[in-house]
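Asker: Submitted below is the structure of interest, expressed as structure tokens.
Computed from the coordinates by the stated procedures, all read-outs in this text should not be read as laboratory data. It should be emphasised that the depicted structure is a prediction, and the values quoted were computed from it without experimental measurement. As a convention, Cβ positions derive from the backbone with ideal geometry for all residues, glycine included, and neighbour counts pool all protein chains shown.
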Amino acid sequence: MNVTHLECSLTGERYNAGRPHNLSAAGKPLLVRYDLDAVARQISRETLAGRAADMWKWRELLPLPEGAEPVSLGEPVTPILDLRETARRAGARSLLVKDEGRLPTGSFKARGLAMAVSMARHFGITRMALPTNGNAGAALAAYGARAGMETLVICPAETPEINVRETAAYGATVWVADGQIDECGRLVREGAAEGRWFDCSTLKEPYRIEGKKVMGLELAEQLGWRLPDAIFYPTGGGTGLIGMWKAFDELEAAGLIGPERPRMYAIQAAGCAPMVRAFEAGEEFAERWEGAATVATGIRVPAAVGDFLILRAVRESGGAAIAVEEEAIVAGVEDVARDDGMLLCPEGGAVVAGWRKALDRGLVGKDEQVLLFNCANGNKYPLPDRSRRLTLASARADQLWRREFSGAGKGKPRRFDPAGFPYFWSEDLKYSFKIAPWAPESSPIAGTKSRFPGMILWKSRWIVARLGGDSNKSRAPRVSRLWPRARSGCESPATISTG
Ligand SMILES: Cc1ncc(COP(=O)(O)O)c(C=O)c1O
């Protein structure tokens, strides 16, 4: 094992790594330090290439003592995909995404909790607790079950239902609370202080970040030991961003990469953007964000104990903290699903939106190599119901395939606006619509009008007007409700086409 000690991330004070820890005496995160000269002697690009493709291949750069078995559910190297069509529509050469949704429990939280639970078991801890917006709770519960531990999680009421149920399925005690994640965290801290359980909140114990840093180690190897020009990361507690920044320094010290670094972009939702506010104000620490709200629940973190580490990494790298609107987050998810066949989580939609904003502002170039993080599987989140209702007794096949209108089928959407056009949900009309950016005269479906006797065009124009948008604008209108709400018994656009 190459761990030399733990270090307070603010004061540099040293701590013995041989026993469990939470925060430093200064109330800040503890970081694991390694003998990196020893690591350099032990691993090389070649030795790494010959190992099994999972997170434990980085053993020399991880804190688990020699001989200690990791608590594992099989943590594979996650793939990096090119979102070609999304990139093309924005005029960019490529857009890489590292898909962390392939990990156990469907999110990157598996990395951090696999590490933290492994270390906890090594130290003989049998009860662990954390506050969560969903994914961390599920991962703690799963790895806790694997390790034979008791686990307890407290989550805000807006936590996606699937996460709450999944967490309980692993046997955890789950509490749904009427507050934000940091408020849930206070209760976890209290219980830990009373000796009821070990507090493994984000960055409040030193090992989750060590698991998360593997994202940085992995991507370096996957990209041929050349880091991308820019990384876009959905930032809540910031563990992954801080972890990757740490990983790059360790890789350099171990002789595996050079001094080049990517610019790090911390993406937050406009409804909860404490890091963006602090970044723009030039502050070292971030004030709590009051009234936090966003569909991207994983980044709904009003206050982060590692705030100064996030801001430091972003600034040192020459990157930025960027806030994105809810509409842009939803459009990010839906555009990538439709154009590239990949269902991002809302936090992944946020980074797509952040990248688009950065392109617009000239912060990233269209020829640069950009890597986004999709931190969870999109199937873990509620999605709007786009299906239409059908009465089989009266249905005819020729009513079903509205290719020209819907753009279904290969190549069709490309005839429309290259920027794409989002769906909007209109509460009062009780329909979900795809708002077409064309006027009827210039419409690509003008020639096929007779197959859709008037109704679709008329209705869609009317709908655009009702939503207050401009029929020539692709991303415009004032919208009351954007992101999935459970709807039942509503009529569907099929009603429109069949008149
Ligand atoms: C899907 C998803 N993305 C991003 C984040 C934010 O991660 P971090 O705490 O590393 O900032 C979370 C955290 O819950 C998440 O679940």
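Asker: Would you tally the residues in segment 184-234 being among the charged types (D, E, K, R), farther than 16 Å from Ile299 by Cβ and out of contact with any Pro (no Cβ under 8 Å at 6 or more places or on another chain)? Give the derivation first.
Answerer: First pass over segment 184-234, keeping only residues among the charged types (D, E, K, R): 186, 189-190, 194, 196, 199, 204-205, 208, 210, 212-213, 218, 221, 226, 229.
Next cut, farther than 16 Å from Ile299 by Cβ only: 186, 189-190, 194, 196, 199, 204-205, 208, 210, 213, 218, 221, 226, 229.
From what's left, out of contact with any Pro (no Cβ under 8 Å at 6 or more places or on another chain): 186, 189-190, 194, 196, 199, 208, 213, 218, 221, 226.
Counting residues in segment 184-234 that are among the charged types (D, E, K, R), farther than 16 Å from Ile299 by Cβ and out of contact with any Pro (no Cβ under 8 Å at 6 or more places or on another chain) gives 11.
Asker: Does any residue in segment 310-325 that is under 13 Å from Lys357 (Cα atoms) come within less than 8 Å, Cβ to Cβ, of a residue that is assigned to a helix (DSSP H, G or I) and more than 16 Å from the ligand (Cβ to nearest atom) six or more places away or on a different chain, and which pairs are these?
Answerer: Close Cβ pairs satisfying both conditions: Ala320/Ala358; Ala321/Glu280; Ile322/Lys357; Ile322/Ala358; Val324/Lys357.
Asker: Cys184 versus (1) assigned to a helix (DSSP H, G or I); (2) touching a residue at least 24 places away in the same chain (Cβ under 8 Å); (3) more than 24 Å from Gly240 (Cα to Cα): which is the lone unmet condition?
Answerer: (3)
Asker: Moving on. State the number of residues belonging to segment 110-144 that are near the ligand (Cβ under 10 Å from one of its atoms) and either in contact with a strand residue (DSSP E or B) (Cβ under 8 Å, 6 or more places away or on another chain) or among the aromatic types (Phe, Trp, Tyr) (or both).
Answerer: Here the count works out to 8.
Asker: Another one. Could you list, in sequence order, all residues of segment 126-141 that are of a type in the set (A, V, I, L, M, F, W, C), in contact with a Lys or Arg (Cβ under 6 Å, 6 or more places away or on another chain) and in contact (Cβ under 8 Å) with a residue 40 or more places away in the chain? Steps first, answer last, please.
Answerer: First pass over segment 126-141, keeping only residues of a type in the set (A, V, I, L, M, F, W, C): 128-130, 136, 138-141.
With in contact with a Lys or Arg (Cβ under 6 Å, 6 or more places away or on another chain) added as a condition, the list becomes 136, 139.
Result: Ala136, single match.
Asker: May I pose another question? Out of segment 55-98, which residues are outside any loop (DSSP other than H, G, I, E, B) and among the hydroxyl-bearing types (Ser, Thr, Tyr)? Spell out how you get there, then give the answer.
Answerer: Step one: of segment 55-98, the residues outside any loop (DSSP other than H, G, I, E, B) are 55-61, 76, 80-82, 84-89, 96-98.
Thr86, the sole residue that qualifies.
Asker: Looking only at residues in segment 250-272 that are surrounded by 19 or more Cβ atoms within 10 Å (Cβ to Cβ) and charged (D, E, K, R), which one is nearest to Asn2 (Cα to Cα)? Break it down stepwise before answering.
Answerer: Going through segment 250-272, the residues surrounded by 19 or more Cβ atoms within 10 Å (Cβ to Cβ) turn out to be 250-251, 254, 256-257, 261-269, 271-272.
Now restrict to residues that are charged (D, E, K, R): 250, 261, 263.
Numbers: Glu250: 12, Arg261: 24, Arg263: 29 Å.
Result: Glu250.
Conditions (1) aliphatic (A, V, I, L, M); (2) part of a helix (DSSP H, G or I); (3) free of Cβ contacts under 8 Å to residues at least 24 places away in the same chain, marked per residue:
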residue: Gly101; (1), (2), (3): no, yes, no
residue: Ala120; (1), (2), (3): yes, yes, no
residue: Gly124; (1), (2), (3): no, no, yes
residue: Tyr143; (1), (2), (3): no, yes, no
residue: Thr151; (1), (2), (3): no, no, no
residue: Asn163; (1), (2), (3): no, yes, no
residue: Thr167; (1), (2), (3): no, yes, no
residue: Arg189; (1), (2), (3): no, yes, yes
residue: Ala192; (1), (2), (3): yes, yes, no
